[in-house]
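Participant: Mind having a look at this structure? Questions to follow.
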Amino acid sequence: MAILKPFKGLRPPIELAAKVASRPYDVLNSDEARVEAEGNPYTLLHIIKPEIDFPVGTDEHTEPVYQKAVENLDLWRNHGWLVKDAKESLYIYAQTMDGRTQYGIVGCASVDDYLNGVIRKHELTRSDKEEDRMKHVRITNANMEPVFFAFPAVKKLDEIVSSIVSTQQPVYDFVANDGFGHHFWLVDNDATIATIVNLFAEIPATYIADGHHRTAAAALVGKEKRGQNPNHIGDEEYNFFLAVHFPDNQLKIIDYNRVVKDLNGLSSVELIEKIGEDFDIQKIGAEIYKPEQLHTFSMYLEGSWYKLITKPGRYNDNDPIGVLDVTILSNLLLDKVLGIKDLRTDKRVDFIGGIRGLGELKTRVDSGEMKVAFALYPVSMKQLIDIADSGNIMPPKTTWFEPKLRSGLVVHELE
């Protein structure tokens, strides 16, 4: 059963919340983070992407860069840009996008729940990205950013959250520069906290929606700290990590697309001919085409968009992994035609979240950086939960949740 723990959050003062809050570290590259941080000395990007405080081109994985994260965190504390709450609390974090609001419960998840499978995953992690976040957690001794969890909706929890947000003023309430609304409530009533914690204890499993690498890193650092502490009891803060838990029926998954650097030695004519073995191909032309249903794909190649429809018999409807569009594309096209065997390690393929729009695929190809792009129809929450419950793993970069959590509204310290 799921463990939810209140904690003493490290938070910005009200007047700085919108300036401290930033997009997650993994949705911005270093150049984008520099642009986003320009003119804002308060943004958490200086801590979660500290390479922006170094000259352009600095390797973000060097020791001085990690050490800069610690220096900046100390600076934020000393200046009062992050202040620790006096008592252990829970929080409500709501996000509004396109007129739709989702309400998450912020608290600490358990390292044990991750290790014993109560927290369920649907993707594998890349060791290099996992180690990067582990270094960041170790050196800051904190979970600077929350992970994004889903749980099977519970009516009583919905009612509690509804009561809080309808009767209390949010401590933070702002619209970020991406147009999404962010709303944050403090839950410090002991009876309410106990009720929420007890209701979570009846939930058989929670699910990593977004943040597999951060979750793995937080859990593994917690496990390390256990081994380093001869007086370990089990209630130390390092046994828990920061998470925002959303009811599954409030979440929306959008597409997660692929771009490839080369055609594996094929000409464009040869590529289309080989693709035609497993897909019916329709040339759309210069107008962007977005897939409208399962097993239909979009391809952008040499200035034109194509509609690819998977031919009958090329997948197994009874295979929960094999029926996924990401699997179909990987097996029948990326692997079979383009020779990409492992999406986690092959540097010829890159991934673009659907929030950037299909125009981003066109831009990456037209620039010459990439040769071909593919867009997919998004998976559903039901597919994600069914796969996680069965112990299966989706191919890498299958799901993109939007809106993303803002980092910096609350931080969890490990001591």
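Participant: Of Gly57, Gly80, which residue is loosely packed, with under 12 Cβ neighbours inside 10 Å and modelled with pLDDT of 95 or more?
Facilitator: Matching residue, one of Gly57, Gly80: Gly80.
Participant: Filter the stretch 98-134 down to the residues that are buried (at least 20 other Cβ atoms within 10 Å of the Cβ) and small (Gly, Ala, Ser), then identify the one that is farthest from Leu4 (Cα to Cα).
Facilitator: Here the answer is Gly104.
Participant: Of the residues that make up the stretch 387-404, is at least one in contact with a Gly (Cβ under 8 Å, 6 or more places away or on another chain) and closer than 30 Å to Val171 by Cα?
Facilitator: Among the residues of the stretch 387-404, at least one is in contact with a Gly (Cβ under 8 Å, 6 or more places away or on another chain) and closer than 30 Å to Val171 by Cα, which makes the answer yes.
Participant: Where in the stretch 37-143 are there helices (runs of 4 or more DSSP H), lying fully within it, with 1 or more residues that are of a type in the set (A, V, I, L, M, F, W, C) and farther than 30 Å from Ile385 by Cα?
Facilitator: On the way: elements: 45-48, 63-78, 111-116, 127-140.
Correct list: 45-48, 63-78, 127-140.
Participant: Out of curiosity, is Gly234 at pLDDT 95 or above, of a type outside the set (Phe, Trp, Tyr) and over 30 Å from Ala373 (Cα atoms)?
Facilitator: In short, no.
Participant: Being under 27 Å from Glu270 (Cβ atoms) and in a loop (DSSP other than H, G, I, E, B) narrows it down to one of Ile288, Ile284, Ile352, so name that one.
Facilitator: One residue alone meets the criteria, Ile288.
Participant: Assuming Leu384 fulfils every condition listed in (1) assigned to a helix (DSSP H, G or I); (2) at pLDDT 95 or above; (3) under 16 Å from Pro396 (Cβ atoms); (4) of a type outside the set (Asp, Glu) apart from one, which condition is it?
Facilitator: Evaluating Leu384 over (1) assigned to a helix (DSSP H, G or I); (2) at pLDDT 95 or above; (3) under 16 Å from Pro396 (Cβ atoms); (4) of a type outside the set (Asp, Glu) leaves (2) as the failure.
Participant: For the stretch 10-20, check the following and say yes or no: at least one residue is farther than 30 Å from Ile105 by Cβ and exposed (fewer than 15 other Cβ atoms within 10 Å of the Cβ).
Facilitator: no
Participant: Exactly one condition in (1) within 21 Å of Asp210 (Cβ to Cβ); (2) buried (at least 19 other Cβ atoms within 10 Å of the Cβ); (3) touching a residue at least 40 places away in the same chain (Cβ under 8 Å) is not met by Ala69; state its number.
Facilitator: All conditions pass for Ala69, except number (1).
Participant: Kindly check whether there is at least one residue in the stretch 306-319 that is surrounded by 18 or more Cβ atoms within 10 Å (Cβ to Cβ), in the same structural domain as Leu266 (by TED's automatic domain parsing) and closer than 30 Å to Arg23 by Cβ.
Facilitator: No, there is no match, as no residue in the stretch 306-319 is surrounded by 18 or more Cβ atoms within 10 Å (Cβ to Cβ), in the same structural domain as Leu266 (by TED's automatic domain parsing) and closer than 30 Å to Arg23 by Cβ.
Participant: Only one of Ile275, Ile340, Ile309, Ile352 is without any contact (Cβ under 8 Å) to a residue 60 or more places away in the chain and of a type in the set (A, V, I, L, M). Can you tell me which?
Facilitator: Answer to the selection: Ile309.
Participant: When you check Glu415 against the structure, is it part of a helix (DSSP H, G or I) and over 27 Å from Ala205 (Cβ atoms), yes or no? Don't jump to the end; show me each part of the working.
Facilitator: On the way: part of a helix (DSSP H, G or I): no; over 27 Å from Ala205 (Cβ atoms): yes.
For Glu415, the condition - part of a helix (DSSP H, G or I) and over 27 Å from Ala205 (Cβ atoms) - is not met.
Participant: Tell me which residues, restricted to the stretch 135-156, are surrounded by fewer than 20 Cβ atoms within 10 Å (Cβ to Cβ) and either modelled with pLDDT under 95 or touching a helix residue (DSSP H, G or I) at 6+ places or on another chain (Cβ under 7 Å) (or both).
Facilitator: Correct list: Lys135, Arg138, Ile139, Pro152, Ala153, Val154, Lys156.
Participant: Let me ask you something else. Within the stretch 165-176, can one find any residue that is assigned to a loop (DSSP other than H, G, I, E, B), more than 21 Å from Met1 (Cβ to Cβ) and under 16 Å from the mean Cα position of the chain (by Cα)?
Facilitator: no
Participant: Do we have any residue at all in the stretch 119-141 that's of a type outside the set (Gly, Ala, Ser) and touching a Ser or Thr at 6+ places or on another chain (Cβ under 6 Å)?
Facilitator: Looking through the stretch 119-141, at least one residue is of a type outside the set (Gly, Ala, Ser) and touching a Ser or Thr at 6+ places or on another chain (Cβ under 6 Å).
Participant: Which residues, counting only those in the stretch 355-381, are outside any helix (DSSP H, G or I), closer than 18 Å to Ser298 by Cβ and of a type in the set (Ser, Thr, Tyr)?
Facilitator: From the stretch 355-381, those outside any helix (DSSP H, G or I) are 357, 367-380; that's our starting set.
From the residues that got through so far, the ones that are closer than 18 Å to Ser298 by Cβ too are 357, 370-379.
If the condition is that a residue be outside any helix (DSSP H, G or I), closer than 18 Å to Ser298 by Cβ and of a type in the set (Ser, Thr, Tyr), then Tyr377 is the only one that fits.
Participant: Among (1) in contact with a Ser or Thr (Cβ under 9 Å, 6 or more places away or on another chain); (2) of a type outside the set (A, V, I, L, M); (3) in contact (Cβ under 8 Å) with a residue 60 or more places away in the chain, there is one condition Asp280 misses while meeting the rest; what is its number?
Facilitator: (3)
Participant: Do we have Ala218 as under 16 Å from Arg120 (Cα atoms), modelled with pLDDT of 95 or more and either over 24 Å from the mean Cα position of the chain (by Cα) or not in a helix (DSSP H, G or I) (or both) here?
Facilitator: For Ala218, the condition - under 16 Å from Arg120 (Cα atoms), modelled with pLDDT of 95 or more and either over 24 Å from the mean Cα position of the chain (by Cα) or not in a helix (DSSP H, G or I) (or both) - is not met.
Participant: Ok, one more. Can you find even one residue in the stretch 395-403 that is buried (at least 20 other Cβ atoms within 10 Å of the Cβ) and outside any loop (DSSP other than H, G, I, E, B)?
Facilitator: yes
Participant: Consider the stretch 224-248. How many of its residues are under 22 Å from the mean Cα position of the chain (by Cα) and either part of a helix (DSSP H, G or I) or among the aromatic types (Phe, Trp, Tyr) (or both)?
Facilitator: Residues flagged as under 22 Å from the mean Cα position of the chain (by Cα) and either part of a helix (DSSP H, G or I) or among the aromatic types (Phe, Trp, Tyr) (or both) within the stretch 224-248 amount to 6.
Participant: Which numbered condition trips up Ser330, out of (1) in contact (Cβ under 8 Å) with a residue 60 or more places away in the chain; (2) assigned to a strand (DSSP E or B)?
Facilitator: Tallying (1) in contact (Cβ under 8 Å) with a residue 60 or more places away in the chain; (2) assigned to a strand (DSSP E or B), Ser330 fails exactly one: (2).
The values are calculated or read from the model by the stated rules, or taken from the named source; none is laboratory data. Here the structure is a predicted model, which is why all the values come from computation and not from measurement. All Cβ positions, glycine included, derive from the backbone under ideal geometry; neighbour counts span all protein chains shown.
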